[in-house]
Amino acid sequence: MSTITPTTAQSYMQAYVNSAAPLNAIPEAIIVEADQLDALNKIARQYTNIKTYRMYFGKDEAGKAVSVIVGVNADGTDMSIPIYCTTRATDNLCPPMCDAASPIMPTE
């Protein structure tokens with residue numbers, strides 16, 4: 001996990017948007033990895049008034065999948081400091097990263 005500038009965050013997100021395949025399904029869940037949770041907790045400890053967060057999808061300079069994580073203020077605006085960047089092991093979206101056998105998954 002590292003902190004990045006708003007300019008770097010924007011370039012990572014743009015790289016993701018430029019290469020992402022359209023999602024032809026309704027997002028049902030996301031996977032939160034340990035590094036992402038650590039970033040959320042760091043923001044929560046530093047800014048106790050922040051109760052909402054965003055995790056954006058991105059790709060770094062090497063083309064690796066990353067998450068760009070920010071706190072969101074009461075007005076719904078992203079905080080630009082700190083911005084955390086974590087690598088992702090998966091796309092983190094369900095579908096396709098779903099547990100089809102989970103008892104809480106809706107039936108079609």
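Computed values, structure above
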item: First in region 67-82 and assigned to a strand (DSSP E or B), second anywhere and of a type in the set (Lys, Arg), Cβ under 8 Å, 6 or more apart; result: Ser67/Arg88; Ile69/Arg54; Val70/Arg54; Val72/Arg54; Asp78/Arg54
item: Check on Glu61, at negative phi and surrounded by 15 or more Cβ atoms within 10 Å (Cβ to Cβ); result: no
item: Search result, residues across region 3-29 that are out of contact with any Phe, Trp or Tyr (no Cβ under 9 Å at 6 or more places or on another chain), under 20 Å from Asp60 (Cα atoms), surrounded by fewer than 16 Cβ atoms within 10 Å (Cβ to Cβ) and of a type outside the set (Gly, Ala, Ser); result: Thr5, Pro6, Thr7, Gln10, Gln14, Asn18, Pro22
item: Test for Ala44: is it of a type in the set (Gly, Ala, Ser), buried (at least 16 other Cβ atoms within 10 Å of the Cβ) and not in a loop (DSSP other than H, G, I, E, B); result: no
item: Given (1) modelled with pLDDT of 85 or more; (2) surrounded by 11 or more Cβ atoms within 10 Å (Cβ to Cβ); (3) not in a strand (DSSP E or B), index of the condition Asp91 fails; result: (1)
item: Selection within region 1-28 - at pLDDT below 85 and out of contact with any Pro (no Cβ under 6 Å at 6 or more places or on another chain); result: Ala20, Ala21, Pro22, Leu23, Asn24, Ile26, Pro27, Glu28
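The values are calculated or read from the model by the stated rules, or taken from the named source; none is laboratory data. Everything numeric in this text was worked out from a predicted model, so none of it was measured. Every residue, glycine as well, gets a Cβ built from its backbone with ideal geometry; the counts of neighbours run over all protein chains shown.
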